[in-house]
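The next block holds one structure in the form of structure tokens; read it before the comments.
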Amino acid sequence: MGPDFAYVQVANLIAARIEVGEISHKLPAERALAEEYEVAYQTVRHAMQVLRDRGLIITRQGRGTFVAPQAG
């Protein structure tokens, strides 16, 4: 990966997937994303917080993480 922190890179990669419509509704589980990007689970959790702060995703306790309505 490049010079940015791993969680920022993961957040940017997921944001790009949302932007092009590859992820348009529910995001994969955080543990699945950690395996996919070959990073620690906590790195993905931090990336999810970055995406929430950017307004790209919303998390519903017990239901999952979804693309925010205006982001798709």
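The values are calculated or read from the model by the stated rules, or taken from the named source; none is laboratory data. From a predicted model like this one, the values you see are computed outputs, not experimental measurements. No Cβ is skipped: glycine too gets one built from the backbone with ideal geometry, and neighbour counts run over all protein chains shown. Remember, those area values only see protein heavy atoms, side chains included, never the ligands or the DNA or RNA. Shrake-Rupley method; radii C 1.70, N 1.55, O 1.52, S 1.80 Å.
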Legend entry - Within the chain, helix-based [θ] at 222 nm, where runs of 4 or more DSSP H residues each add -39,500 (n - 2.57), nearest 500: -15000 deg cm²/dmol
Inset, instruction - Any chance you could run the full-extension gain for I58 through E22? It's 0.36 nm times the residue separation minus the Cα-Cα distance, nm to one decimal. - result: 11.3 nm
Legend entry - Relative contact order [Cα under 8 Å, 6+ residues apart], the chain, whole percent: 36
Inset, instruction - Please work out, to two decimal places, the log10 of the ratio I(q)/I(0) at q = 0.12, 0.16 Å⁻¹ from a Debye calculation in which every Cα of the chain carries one identical scatterer. - result: -0.27, -0.48
Legend entry - With every protein chain in place, the chain: carbon and sulfur % of accessible area (1.4 Å): 50
Inset, instruction - Would you calculate the separation in nanometres between label points at Y41 and N12, each defined as 7 Å from the Cα along the Cα-to-beta-carbon direction? - result: 2.7
